[in-house]
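Participant: What follows is a structure written as structure tokens; I'll ask about it next.
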Ligand SMILES: CC(C)(COP(=O)(O)OP(=O)(O)OC[C@H]1O[C@@H](n2cnc3c(N)ncnc32)[C@H](O)[C@@H]1OP(=O)(O)O)[C@@H](O)C(=O)NCCC(=O)NCCS
């Protein structure tokens, strides 16, 4: 079990990509372009056409300095291309719980199995390395690919928050999902 952030940079290997502790070199105009993308903005609340590189720089800086967030770049091995990010946090070390968030911003890499594998590797890291009891997230109800990869990896739906978010003149339902450390289920 762990009570504070691992200080050393972390590298987690997937089959054809890696999760690298986020680094300044990944703050690029390409990253900004993901957040300005119309389709990404339909599933990521904070994405919108007005995002600037300064916004991204500030956010990434906060994530890198944060003691209760692990922030990773998803990087393809074949071409060292940064295609998205994974955020594990905020972590509550007392509760041993962790919020999950991810974005594969480069749409050329959607539907190739990367997202599912990122979830699996991230859960192994949370449960085995960090000793978390629970990982949870919220996802917009219309984001079917995301719900699919979370369900495939053992997340269960804990509720639907109706009309929870308002964006661009519309209300959106939000699905709350969570997974308990398999080694700690049924311990009540
Ligand atoms: C959601 C996201 C992480 C998925 O990553 P990915 O690498 O494309 O996912 P995978 O290829 O591993 O799996 C996608 C699954 O969704 C399925 N899928 C795709 N479109 C679908 C749709 N419209 N309805 C239902 N399922 C769909 C695919 O068939 C695949 O399932 P399968 O492996 O059983 O065939 C990625 O699309 C993304 O980052 N999107 C933008 C940001 C985002 O949504 N982040 C999550 C916020 S909670």
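The values are calculated or read from the model by the stated rules, or taken from the named source; none is laboratory data. Quick caveat: nothing in here was measured; it's all calculated off a predicted structure. Don't worry about glycine lacking a Cβ; one is built from the backbone with ideal geometry, like all the others, and counts go over all protein chains shown.
Participant: May I ask you to list pairs of residues, at least six apart or on different chains, whose Cβ atoms are under 6 Å apart, with the first in region 108-126 being more than 11 Å from residue 19 (Cα to Cα) and the second being away from the ligand (no atom under 12 Å from the Cβ) and modelled with pLDDT of 95 or more?
Facilitator: Close Cβ pairs satisfying both conditions: 126/98; 126/132; 126/135.
Participant: Just to be sure, is residue 46 more than 11 Å from the ligand (Cβ to nearest atom) and out of contact with any helix residue (DSSP H, G or I) (no Cβ under 6 Å at 6 or more places or on another chain)? I'd like the intermediate steps shown before the answer.
Facilitator: Details: more than 11 Å from the ligand (Cβ to nearest atom): no; out of contact with any helix residue (DSSP H, G or I) (no Cβ under 6 Å at 6 or more places or on another chain): yes.
The answer is no for residue 46.
Participant: Look through region 49-73, keep the residues that are over 18 Å from the mean Cα position of the chain (by Cα) and under 23 Å from residue 145 (Cβ atoms), and return whichever of them is surrounded by the most Cβ atoms within 10 Å (Cβ to Cβ).
Facilitator: 51
Participant: Let me ask another. Within region 8-15, can one find any residue that is within 16 Å of the ligand (Cβ to nearest atom) and under 23 Å from residue 139 (Cα atoms)?
Facilitator: No; the residues of region 8-15 include none that is within 16 Å of the ligand (Cβ to nearest atom) and under 23 Å from residue 139 (Cα atoms).
Participant: What are the residues in region 102-119 that are crowded, with 17+ Cβ neighbours inside 10 Å, near the ligand (Cβ under 6 Å from one of its atoms) and more than 16 Å from residue 71 (Cβ to Cβ), if any? So that I can check it myself, show each step before the final result.
Facilitator: Initially, region 102-119 is screened for residues crowded, with 17+ Cβ neighbours inside 10 Å, giving 102-106, 109, 114-115, 117-119.
The next check asks that each one be near the ligand (Cβ under 6 Å from one of its atoms); those that pass are 102-104, 114-115.
The answer is 114, 115.
Participant: Of the numbered conditions (1) in contact (Cβ under 8 Å) with a residue 60 or more places away in the chain; (2) under 17 Å from the mean Cα position of the chain (by Cα); (3) surrounded by 14 or more Cβ atoms within 10 Å (Cβ to Cβ), residue 84 fails exactly one; give the number of that condition.
Facilitator: Unmet condition: (1).
Participant: Looking at region 127-138, which of its residues are at negative phi and touching a residue at least 60 places away in the same chain (Cβ under 8 Å)? Break it down stepwise before answering.
Facilitator: As a first pass, look at region 127-138 and keep what is at negative phi: 127-130, 132-138.
Answer for region 127-138, where residues must be at negative phi and touching a residue at least 60 places away in the same chain (Cβ under 8 Å): 129, 130.
Participant: Does residue 76 meet the test of being more than 15 Å from the ligand (Cβ to nearest atom), within 18 Å of the chain's Cα centre (by Cα) and surrounded by 12 or more Cβ atoms within 10 Å (Cβ to Cβ)? Walk me through it before giving the result.
Facilitator: Values: more than 15 Å from the ligand (Cβ to nearest atom): no; within 18 Å of the chain's Cα centre (by Cα): yes; surrounded by 12 or more Cβ atoms within 10 Å (Cβ to Cβ): yes.
No: the conditions fail for residue 76.
Participant: Quick check on region 120-156: of everything there that is over 15 Å from residue 182 (Cα atoms) and exposed (fewer than 15 other Cβ atoms within 10 Å of the Cβ), which residue is farthest from the ligand (Cβ to nearest atom)?
Facilitator: 142
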